[in-house]
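The values are calculated or read from the model by the stated rules, or taken from the named source; none is laboratory data. Owing to the predicted nature of the structure, the values given are computational and were not obtained by experimental measurement. We place every Cβ from the backbone using ideal geometry, glycine too, and count neighbours over all the protein chains shown.
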Amino acid sequence: MIRFEQVTKCYPDGTTAVDDLSFEVTAGELVTLVGPSGCGKTTTMKMVNRLIEPTSGRIFLDGQDIAAADPVELRRRIGYVIQQVGLFPHKTVLENTATVPHLLGWKRSTARARAAELLDLVGLDPRTYGDRYPDQLSGGQRQRVGVARALAADPPVLLMDEPFGAVDPVVRDHLQSEFLKLQAAVRKTVLFVTHDIEEAVRLGDRIAVYGQGRIEQFDAPAAVLGAP
Ligand code: ADP
Ligand code: ADP
């Protein structure tokens, strides 16, 4: 589903963020990218939706070289959730979630119905939260809206960059278990960045363990934990 072939990214200042990376993620698999800050996880992720272009190497999505894909069309197939999701402050939770279907040209009523369904899916009752504004939500609730919005166009791929990194440990634990249930239901192909090995182990079907710019181990959680 996602394939990296000898991908290197050097930033203009000379930093090599990702060095000759090759790996493959199969459809419906949740892969966690784990490692210390600055080892290239975010750079890896941003190359998949072409927020960043590789310096060399190729990336394939569903067999297609993404260098040849239209970035706008590409991003329709890829949901993206970051640590502090940016919601439109003057739109309600329901409107925020319905934005993407709306942009895709869905009828307003269909888009809103879909948004309500998605809010339910991430554990926010649309009758309670749908008409609230982002500043009336907790951090964890905003992240849930971010996940709902990322799923709105039903993309096969989800990129998640420390989506639960900025919430307190109890909420985080809750978001993780809900996300596992959600993933069991929707089976997206997921790349999930975290610097927390416990989170990586709990969520990942497989774990990509990063060293500086490289993946040092890519295996199931049990194998990663069992390593000397
Ligand atoms: P994280 O560990 O979540 O990647 P960072 O603080 O390392 O957080 O980076 C935050 C953002 O700043 C990233 O999107 C990254 O692309 C950008 N960034 C990180 N380091 C640099 C740098 N040396 N110069 C410019 N931008 C950077
Ligand atoms: P991680 O997500 O693992 O924290 P990043 O991919 O954000 O790592 O960063 C990898 C390396 O690339 C770091 O050394 C970071 O400082 C550097 N970097 C990230 N973004 C930029 C940028 N825009 N310009 C220059 N260096 C960057």
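Structure notes:
- Residue match in the stretch 156-175 (condition: outside any loop (DSSP other than H, G, I, E, B), touching a residue at least 24 places away in the same chain (Cβ under 8 Å) and among the small types (Gly, Ala, Ser)): no
- Of the criteria (1) touching a strand residue (DSSP E or B) at 6+ places or on another chain (Cβ under 9 Å); (2) surrounded by fewer than 14 Cβ atoms within 10 Å (Cβ to Cβ); (3) in a helix (DSSP H, G or I), which one Met45 fails: (2)
- Filtering the stretch 12-27 to residues that are among the hydroxyl-bearing types (Ser, Thr, Tyr) and over 14 Å from Cys39 (Cβ atoms) leaves Ser22, Thr26.
- Exactly one residue out of Arg127, Arg172 is under 19 Å from Val201 (Cα atoms) and away from ligand 2 (no atom under 16 Å from the Cβ): that is Arg172.
- Check on Gly165, among the small types (Gly, Ala, Ser), surrounded by fewer than 19 Cβ atoms within 10 Å (Cβ to Cβ), out of contact with any Asp or Glu (no Cβ under 6 Å at 6 or more places or on another chain) and within 28 Å of Pro89 (Cα to Cα): yes
- Restricting the stretch 182-225 to residues that are outside any strand (DSSP E or B), over 16 Å from the mean Cα position of the chain (by Cα) and without any contact (Cβ under 8 Å) to a residue 12 or more places away in the chain, the residue that is surrounded by the fewest Cβ atoms within 10 Å (Cβ to Cβ): Ala222
- Some residue of the stretch 73-89 being in contact with a Phe, Trp or Tyr (Cβ under 9 Å, 6 or more places away or on another chain) and assigned to a helix (DSSP H, G or I): no
- Only listed residue being surrounded by fewer than 16 Cβ atoms within 10 Å (Cβ to Cβ) and not in a strand (DSSP E or B), chosen from Ser37, Ser22: Ser37
- Those residues of the stretch 14-25 which are away from ligand 1 (no atom under 11 Å from the Cβ) and either farther than 24 Å from Ile197 by Cβ or in contact with a Ser or Thr (Cβ under 8 Å, 6 or more places away or on another chain) (or both), in sequence order: Thr16, Val18, Asp19, Asp20, Leu21, Val25
- Of all residues in the stretch 109-153, those satisfying the criterion of being over 24 Å from Arg77 (Cβ atoms) and part of a helix (DSSP H, G or I) are Ser109, Pro126, Arg127, Thr128, Tyr129, Pro134, Asp135, Gln136, Gly139, Gly140, Gln141, Arg142.
- Residue in the stretch 54-63 that is among the basic types (Lys, Arg), in a helix (DSSP H, G or I) and either under 17 Å from Ile82 (Cα atoms) or away from ligand 1 (no atom under 12 Å from the Cβ) (or both) present: no
Conditions (1) more than 9 Å from ligand 1 (Cβ to nearest atom); (2) hydrophobic (A, V, I, L, M, F, W, C); (3) at pLDDT 95 or above; (4) within 18 Å of Pro155 (Cβ to Cβ), marked per residue:
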position: Phe4; (1), (2), (3), (4): yes, yes, yes, no
position: Pro12; (1), (2), (3), (4): yes, no, yes, no
position: Ala27; (1), (2), (3), (4): yes, yes, yes, yes
position: Lys41; (1), (2), (3), (4): no, no, yes, no
position: Met45; (1), (2), (3), (4): yes, yes, yes, yes
position: Val48; (1), (2), (3), (4): yes, yes, yes, yes
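- Any hit, the stretch 101-118, residues being under 25 Å from Ala27 (Cβ atoms), surrounded by 21 or more Cβ atoms within 10 Å (Cβ to Cβ) and among the hydrophobic types (A, V, I, L, M, F, W, C): yes
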